[in-house]
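**Q** Quick one: structure below, then a few questions.
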Amino acid sequence: MSDCSFLSGLELDDDQVSFDEGRRESHGADWGAQRAGRVVLPDAVVYPESAADVSAVLAAATDHGVPVTPYAAGSGLEGNAVPAHGGISLDLTRMDSIVDYRPDDFQIDVGPGVIGAAVDEHVARDGLFFPPLPSSGDISTVGGMIATDASGMKTVKYGEVSDWVRRLEVVLADGTVLEAGTRAAKSSSGYNLKELFVGSEGTLGVITEATLELSGRPEQIRGGRAIFETLDDAAEAISETIRTEVDVATIELLDDTSATMANAYLDTDLPDAPMVFLEFHANHGIDEEIALCRTIFESHDVLEFEIAADEREMDELWRARRELAYAATSYDPDRVPIHPGDVTVPISAYPEIVRYAKGLEAEYNLVIPCFGHAGDGNLHYTALIDRDDPEEVELGEELYGRIVHRAIELGGTATGEHGVGEGKQRYLEPEHGEAAVETMRAIKLTLDPTDTLNPGKLFPETVDGGRLERPPE
């Protein structure tokens with residue numbers, strides 16, 4: 001337990017610091033850790049309202065040797081916001097203001113606690129939007145998205161969150177406040193510190209403000225769904241569509257297991273067959289792109305290719321994909337998803353990783369739903385296991401790891417959008433190599449020599465209670 005009594009000496013209002021057990025319990029896990037039963041209570045919860053508040057808390061915490069874990073919406077899936085070593089949970093949700101909005105520059109400055117969907121709502125009147133919002137954009141914060149370099153269904157056309165971050169205000173562990181990046185469209189001035197903080201999961205600094213780039217809303221948006229006889233046909237059709245450079249904004253895959261789960265959860269009557277969900281964005285020529293996509297799908301024996309007549313019908317067609325995470329969780333009352341897999345591979349290898357994952361279903365005799373943001377090579381998967389059965393848990397862990405290692409062998413990554421957190425630490429070195437991970441450690445120890453910020457994340461040696469330390473001279 002950490003002694004957080006020093007907080008009373010900071011210039012914070014009474015309602016900005018809480019030792020209440022209920023508040024601490026609500027900050028002991030994110031969504032993924034909660035499902036896995038991994039809850040670690042912080043010793044205190046602090047609600048900063050400005051960069052100055054964050055600076056004061058971090059400087060004091062570093063002086064007193066107390067760890068600090070940034071927290072916002074708690075929608076993460078890899079235990080990124082679990083206070084693994086207790087200390088302070090730094091809840092940034094009160095820093096939720098739109099600081100400045102410059103539609104002529106296609107830019108907006110926001111606090112880290114702003115919900116992603118609120119950005120779209122704020123700029124919609126000018127025909128703008130924030131393209132890389134993840135699927136959880138209506139419940140997750142901008143700070144959390146940047147911390148994990150999140151991405152979503154439209155990544156295939158618009159890229160991930162990091163592609164739309166121009167500038168960051170960041171507070172380091174010693175309380176230093178710095179700016180990284182620029183509002184200019186480009187810069188070759190110095191090290192690219194902005195990219196260092198994006199995806200660092202709060203281990204290098206706490207983001208207190210972000211400048212986001214915006215885009216004009218496309219004049220034409222069309223979407224629909226295709227049904228295939230085999231999953232292999234669907235995956236091959238997706239791979240060829242992307243390699244042919246069809247201008248598709250979203251292209252999502254559901255295997256037949258996922259379709260069955262969606263039917264059970266939504267009480268719908270979709271065919272229990274592999275499906276591909278599509279969305280096209282354009283200012284002109286959208287019909288030509290749809291026609292080209294249809295031709296490619298037909299060459300892979302598509303059974304049905306349906307384009308919605310309007311936005312309401314398109315929304316109805318997409319329900320199964322949007323609700324899939326909840327459908328998988330509630331499908332079998334005796335079994336739960338072991339981990340939320342999110343490997344990503346080069347698009348030419350996408351059919352192979354899908355085949356590999358589904359091939360393990362029969363080998364392990366476990367249910368493995370596979371779906372994902374297929375257009376950028378992202379595959380979500382899990383195994384449904386009985387957590388009270390040690391043998392089944394072991395099988396599920398082994399299966400999960402085999403898919404990750406296969407993705408890495410194919411030139412991919414262990415995590416396309418969820419981050420490393422606690423859940424994927426063991427894959428950091430297999431993916432990046434020893435020299436790269438040592439370089440990451442060196443950066444961490446340079447910016448945060450006392451390991452104040454989110455200890456227990458990213459690096460495997462911090463899993464069993466030890467905090468990151470410099471190696472002996």
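**Q** Only one residue in Glu195, Glu229 is of a type in the set (D, E, K, R) and within 24 Å of Thr415 (Cβ to Cβ), so which one is that?
**A** Details: Glu229 fails: within 24 Å of Thr415 (Cβ to Cβ).
The unique qualifying residue is Glu195.
**Q** Of all residues being surrounded by 18 or more Cβ atoms within 10 Å (Cβ to Cβ) and of a type in the set (Phe, Trp, Tyr) in the stretch 1-49, which is farthest from Leu77 (Cα to Cα)? Just the residue, please.
**A** Tyr47
**Q** Note down all Cβ pairs under 8 Å where the first residue falls in the stretch 254-282 and is closer than 23 Å to Ile221 by Cβ, the second is surrounded by 24 or more Cβ atoms within 10 Å (Cβ to Cβ) and acidic (Asp, Glu), and they're at least six residues apart or on different chains.
**A** The qualifying pairs are Val276/Glu252; Phe277/Glu252; Leu278/Glu252.
**Q** Condition test on Asp269, is it at negative phi, acidic (Asp, Glu), over 26 Å from the mean Cα position of the chain (by Cα) and in a helix (DSSP H, G or I)?
**A** Values: at negative phi: yes; acidic (Asp, Glu): yes; over 26 Å from the mean Cα position of the chain (by Cα): yes; in a helix (DSSP H, G or I): no.
So Asp269 fails the test.
**Q** To continue, here is another question. Criterion first (part of a loop (DSSP other than H, G, I, E, B), touching a His at 6+ places or on another chain (Cβ under 6 Å) and not small (Gly, Ala, Ser)) does Pro42 satisfy it?
**A** Numbers: part of a loop (DSSP other than H, G, I, E, B): yes; touching a His at 6+ places or on another chain (Cβ under 6 Å): yes; not small (Gly, Ala, Ser): yes.
Here the answer is yes, as Pro42 does meet what is asked.
**Q** Of the residues Gly28, Gly22, Gly65, which single one is more than 25 Å from the chain's Cα centre (by Cα) and under 16 Å from His85 (Cα atoms)?
**A** Testing whether each residue is more than 25 Å from the chain's Cα centre (by Cα) and under 16 Å from His85 (Cα atoms) leaves just Gly65.
**Q** Is it fair to say Thr155 is under 30 Å from Ala84 (Cα atoms), outside the structural domain of Ala73 (by TED's automatic domain parsing) and touching a Pro at 6+ places or on another chain (Cβ under 7 Å)?
**A** no
**Q** Please specify each residue of the stretch 101-118 satisfying the condition of being buried (at least 16 other Cβ atoms within 10 Å of the Cβ) and within 21 Å of Glu219 (Cβ to Cβ).
**A** Phe106
**Q** Kindly check whether there is at least one residue in the stretch 50-63 that is at pLDDT 95 or above, part of a loop (DSSP other than H, G, I, E, B) and either of a type in the set (Asp, Glu) or crowded, with 19+ Cβ neighbours inside 10 Å (or both). Break it down into steps so the answer makes sense when it comes.
**A** Kept after step one, since they are at pLDDT 95 or above, are these residues of the stretch 50-63: 50-63.
Okay, now just the ones that are also part of a loop (DSSP other than H, G, I, E, B), so 50.
Filter once more, so that each one left must be either of a type in the set (Asp, Glu) or crowded, with 19+ Cβ neighbours inside 10 Å (or both): none.
Among the residues of the stretch 50-63, not one is at pLDDT 95 or above, part of a loop (DSSP other than H, G, I, E, B) and either of a type in the set (Asp, Glu) or crowded, with 19+ Cβ neighbours inside 10 Å (or both), which makes the answer no.
**Q** Go through the stretch 49-87 and report how many residues are in contact with a helix residue (DSSP H, G or I) (Cβ under 6 Å, 6 or more places away or on another chain) and over 27 Å from Ser135 (Cα atoms).
**A** Number satisfying all stated conditions: 3.
**Q** Among the numbered conditions (1) over 26 Å from Pro134 (Cβ atoms); (2) of a type in the set (Asp, Glu); (3) within 20 Å of the chain's Cα centre (by Cα), tell me where Asp376 comes up short.
**A** (1)
**Q** I'd like to know if the stretch 91-101 contains one or more residues that are part of a strand (DSSP E or B) and either touching a helix residue (DSSP H, G or I) at 6+ places or on another chain (Cβ under 8 Å) or at pLDDT below 95 (or both).
**A** yes
**Q** Can I ask one more? Charged (D, E, K, R), in a loop (DSSP other than H, G, I, E, B), touching a His at 6+ places or on another chain (Cβ under 9 Å) and not assigned by TED's automatic domain parsing to the domain that holds Pro131 - does that describe any residue in the stretch 69-79?
**A** Yes, because at least one residue in the stretch 69-79 is charged (D, E, K, R), in a loop (DSSP other than H, G, I, E, B), touching a His at 6+ places or on another chain (Cβ under 9 Å) and not assigned by TED's automatic domain parsing to the domain that holds Pro131.
**Q** Applying the selection to the stretch 410-438, what residues are acidic (Asp, Glu) and out of contact with any strand residue (DSSP E or B) (no Cβ under 9 Å at 6 or more places or on another chain)?
**A** Listed by number, the residues that qualify are Glu422, Glu429, Glu434, Glu438.
**Q** Could you please find all residues in the stretch 444-457 being over 16 Å from Tyr71 (Cα atoms) and not in a helix (DSSP H, G or I)?
**A** Asp448, Pro449, Thr450, Asp451
**Q** Same structure again: Being touching a residue at least 40 places away in the same chain (Cβ under 8 Å) and under 23 Å from the mean Cα position of the chain (by Cα) is true for just one of Glu431, Glu417. Which residue is that?
**A** Glu417
**Q** OK, next. Name the single residue that is surrounded by the most Cβ atoms within 10 Å (Cβ to Cβ) among those in the stretch 405-426 being modelled with pLDDT of 95 or more and assigned to a helix (DSSP H, G or I).
**A** Per the stated criteria, the residue is Ala407.
**Q** Consider Val66 carefully, then state whether it is in a loop (DSSP other than H, G, I, E, B), surrounded by fewer than 21 Cβ atoms within 10 Å (Cβ to Cβ) and on the phi < 0 side of the Ramachandran plot.
**A** no
**Q** Additional query: Between a first residue in the stretch 31-47 that is on the phi > 0 side of the Ramachandran plot and a second residue that is surrounded by fewer than 19 Cβ atoms within 10 Å (Cβ to Cβ) and modelled with pLDDT under 95, which pairs have beta carbons less than 8 Å apart while being 6 or more apart in sequence or on different chains?
**A** Taking only residues 6 or more apart or on different chains, the pairs are Gly37/Arg387.
**Q** In addition: In the stretch 326-337, how many are crowded, with 19+ Cβ neighbours inside 10 Å and closer than 24 Å to Asp376 by Cβ?
**A** Looking only at that region, the number is 3.
The values are calculated or read from the model by the stated rules, or taken from the named source; none is laboratory data. Just so you know, these numbers come straight off a predicted model, no measurement behind them. Ideal geometry is used to build each Cβ from the backbone, glycine not excepted, and the neighbour counts take in all protein chains shown.
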